[in-house]
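First the structure, in the form of structure tokens, and then the observations on it.
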Amino acid sequence: MTTSRLTRRETLKGALAAVAALPLSTAFVRDARAADANMRYLFVLCANGGADIRNAFLPLSLSQVATTIRSQPDADIRTVGGHRCVERVSPKRFYVGAGTAPRQNGPVQRGFLERHGANLAVMTATGTSVNHNVAARRWLNGAGMVQHGRTLLEAHAMRYATADMPLAAVNMSNGGYVGDGDDPSVLPYARAETVANALLLGMATHPSQGVLPASRGARQQALLARARAVREQLDAQSPLVQRHAASPLLQTFRRHRQTAVPLMEELDLITQLAVIGSGNLQLPQYGLAPSPHLALLNSVGFTALQEDPFMAQAAMAFLLVKSGASCAVALGAPSAPMAGPGYPGYSFTLQHTPIAYDFSHTDHEATQLAMWDRTLRMGDGLIQLLKATPDGDGTMWDKSLIYIATEFGRTATKPAGSDEFGTGHELNNGVAIISPLIQGNRVFGEVDPTTGLTTGWNGSSGAVSSAPADVKGEPHVVATISAALGHTLSAQDQTYVQNAVLA
Amino acid sequence: MKSALPLMALCLMALGCPTSTTTTSTTSSSSSGGVTTSSGTEEASSSASHEASSTTSSSALDAGMTIPDAGMTIPDAGLPQPPVHESLRWRTAHAFEHHLMQALGLQEDEVCNELGLFKCVTRPAAERPFRPSGTPGNPTVGMPIPHQVALGGNEPFDLGNYEARKTPGVTTPNAVDRVVLSACDARVEKDRVGPAVIFTGIDLAAPSLVDGPALRGTITTLFRRFHQRAASPAEMDLVALLAAAAGAETPTAADVALAMCVAVGGMAESSFD
């Protein structure tokens, strides 16, 4: 049997490249995509540094617990449908959220629940590592126990990538959330493309447009296209290429150049993803046009794309799926802090804490409030964008799932009576999943007020359980998400699926 | 176009192919690895699947083996290939940037700056080892090094990315092309002003360039500087084609110089050694 190194997908991409030469090819591609009723979109919203579920959707009331257990003032806890959340009204030391009044945490969590609580499921779970990088990786690949240790992004891309999808999986997060999973058989197209700066991703989707000033670039584009064609022929004759024809490195590079690059041009991603253009960033000077979706992004509050890298990631996550380039995207709270103007008595406000959630080592409550606000604002905007985008008989949101992943929780106890304290890493925690594809408006598990730790729960009924076997971990969360998204699971994988969560 | 027709047919077929994404109800006699999921779907698979030995199946899209509707097979496609000794080294970010600096006689900050602002491959010297934090009212905007990661670099400070990617990504070829184009443009512009370093034998102000010893001498220079070897006659002929008119448009000498530099400098030999 002759061995072919062309996968079917790559053959299709080759076919698409041939079709791309036809005048109607763009419409052809878009029509094909629009007809894809079974598509699913995965967004992993990485809460870097340890987002504690007890500071958002599983708060303990102060009146319920001992003074050494972390809790929230009773007056700060809100109930919305089947969920609870924190709406902090007492001032915090350095964080001033963009709430309704100075020095107050805004009603971000409540607003999120009011808009999306019906699609929110909270699952208590306990991880297996308190090392940032190790834990992050495990919450994305089920600790290696589901789908051969593929990351959710890889598994999703393997399942849903289409022949006309150049960037099937994109990872804009950082730390342990970035990187390949454990399964060596994942094909190159399904490996997540690491993106360091979402704002500038568009620039990497075209080989030449926007490199030169507009005054010269347009004139030279045709010649540059010829140069690239000549380059391809030179490569075919190159002694190095011929000598190392079997090199996986070289093959991967050349395949991407021959298949993905034309697709990215076909989708005009350099325009679709161009969310910069204010201040000293002048796109027209380089022959580029701003994204036609800027007004839509602004309408959900994504107005600081150049100043806020987290917001830029959220906007880019939407644009990547809307443009048909991707089906699985991860974004994550950056490590760099973000400061804002100060209120009276404050020289500045820290809206995004250094090292994200991990600044809880220094000040737990303020950090968690600030970062949950940040995370949920990005999730909220993303969901609103997806809901505003028609897709078949519904919207893109109908086919989407957002998984708020984090490495671990934080220490459940605190110095007696203290309101300002630091916390360490704690295996015990919980995750949030938002999607119409699951049982929303549900909390699976609870927090034991005597310990401050989350409990287990029965995977079939959803009932709270104290049985050690009912404590959920990384594989349960990942397998359940995979099942909700229609990934094909082995019998072994299925044992981790929590059917109570599935719609 | 004639040879493209079967591919087009395959493409048309595949975009509506049940095993891609439009539906998952198709089965085939070889779908031994298919498992019913909780959502009730069953994916077509085959004994040729790269996961056939396990209980987990994969979509046909994964493996690209038998396409039931088409009744055709791409033999072994998608199967994990036997381990191949990697005989090449990827010339990643820092090395790639220095390769271009050396080949084109440029300083580091001349190689590539996206939108005239963002150094493309490595941190500007003023921001090493890491970028200063933002100031009140003037926060940081993440890591503005557009192509570092795509070119195989890594960013431990801002990204917490402690290991570089091991293989080129989807945007890697574009990153290579953009950086090469930018660097070549910088060299052509510098040579136009003079003193010329690479394009010494041609008049960059000329309205066109004819194929002749001067042009071919420049091609030789480009091959030697980029790839440390002479161009073969066939390679020479290919690159010289860029001086020819395309339609009614005759490229200027400077445009030809840029195109030749991009063609030679963008070869895979620049990215691997």
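Is there a simple number for the mean count of other chain Cβ atoms within 10 Å of the Cβ of residues in A:458-467, and what is it?
The shielding value for this peptide is 0.
Rounded to the nearest 100 Å², what is the sum over both chains of accessible area buried where A meets B, with a probe of 1.4 Å?
Interface between A and B: roughly 9600 Å².
Quick one: order A:ILE77, A:ILE481 from most to least accessible surface, probe 1.4 Å.
Sorted by accessible area, descending: A:ILE77, A:ILE481.
Just to confirm, what accessible area per residue do you get for chain A at 1.4 Å probe, in whole Å²?
Counting only protein heavy atoms, the per-residue value for chain A is 31 Å².
Enumerate the helices in chain A for which the Kyte-Doolittle hydropathy averages 1.0 or more and the C-alpha atoms extend at least 18 Å along the helix's axis, using complete DSSP H runs.
For chain A, where a helix must reach 18 Å along its axis and average at least 1.0, the hits are A:309-322.
With each run of n ≥ 4 DSSP H residues scored as -39500 (n - 2.57), what mean residue ellipticity at 222 nm is computed for chain A after dividing by its residue count and rounding to the nearest 500 deg cm²/dmol?
Result for chain A: -9000 deg cm²/dmol, rounded to the nearest 500.
For region B:147-223, count the residues as N, evaluate 2.2 N^0.38 Å, and divide the Cα radius of gyration by that value, please.
1.56
Enter the mean number of other protein chain beta carbons within 10 Å of the beta carbon of each residue in A:212-220, as an integer.
3
How large is the Rg to Rh ratio of region A:337-474 when both quantities use alpha carbon positions and Rh follows Kirkwood?
1.04
Determine ³J(HN,Hα), in whole Hz, for all residues of region A:488-501 in sequence, where each value follows from phi through the Karplus function 6.51 cos²θ - 1.76 cosθ + 1.60 and θ = phi - 60°; x replaces Gly and Pro.
7, 10, 6, 4, 5, 4, 4, 5, 8, 5, 9, 5, 4, 7
From Cα coordinates alone, what are the radius of gyration and Dmax values for region A:119-211 in angstrom?
Spelled out, the Cα radius of gyration and Dmax of region A:119-211 are 15.2, 49 Å.
Got a number for the accessible area of A:VAL443? Probe 1.4 Å, square angstrom, nearest 10.
Probe radius 1.4 Å; accessible area of A:VAL443 about 40 Å².
For region A:195-301, build the convex hull from the C-alpha positions and give me its volume per residue in Å³.
129 Å³
Enter the per residue convex hull volume of chain A, computed from alpha-carbon coordinates, in Å³ rounded to the nearest integer.
That works out to 158 Å³ per residue.
Antiparallel versus total DSSP beta bridges in chain A: what percent is that, nearest 5?
Antiparallel bridges make up about 55 percent of those DSSP assigns within chain A.
Which of B:LYS119/B:LYS190; B:LYS119/B:LYS166; A:LYS322/B:LYS166 have a Cα-Cα distance over 27 Å?
Violating the 27 Å limit, Cα to Cα: A:LYS322/B:LYS166.
What does the average come to when, for each residue of peptide A:300-313, you count the partner chain Cβ atoms lying within 10 Å of its Cβ?
Across A:300-313, the average partner-chain Cβ count within 10 Å equals 2.
Would you mind giving the average projected area, over all directions, of the Cα convex hull of region A:207-256 in nm² with one decimal?
4.0 nm²
List every residue whose amide H lies under 5 Å from the amide H of B:ASN161, counting only residues 5 or more places away in sequence or on a different chain, with H placed 1.01 Å from N in the peptide plane.
A:GLY175, B:GLU155
Can you send over the carbon and sulfur percentage of the accessible area for region B:191-258, probe radius 1.4 Å, protein chains only?
Carbon plus sulfur share of accessible area: 61 percent.
The values are calculated or read from the model by the stated rules, or taken from the named source; none is laboratory data. Treat the numbers as computed from the prediction; the structure is a model and nothing was measured. Virtual Cβ from ideal backbone geometry, glycine too; neighbours counted across all protein chains shown. Each accessible area value is taken on the protein alone, full model and side chains, heavy atoms only, with ligands, DNA and RNA left out. Shrake-Rupley method; radii C 1.70, N 1.55, O 1.52, S 1.80 Å.
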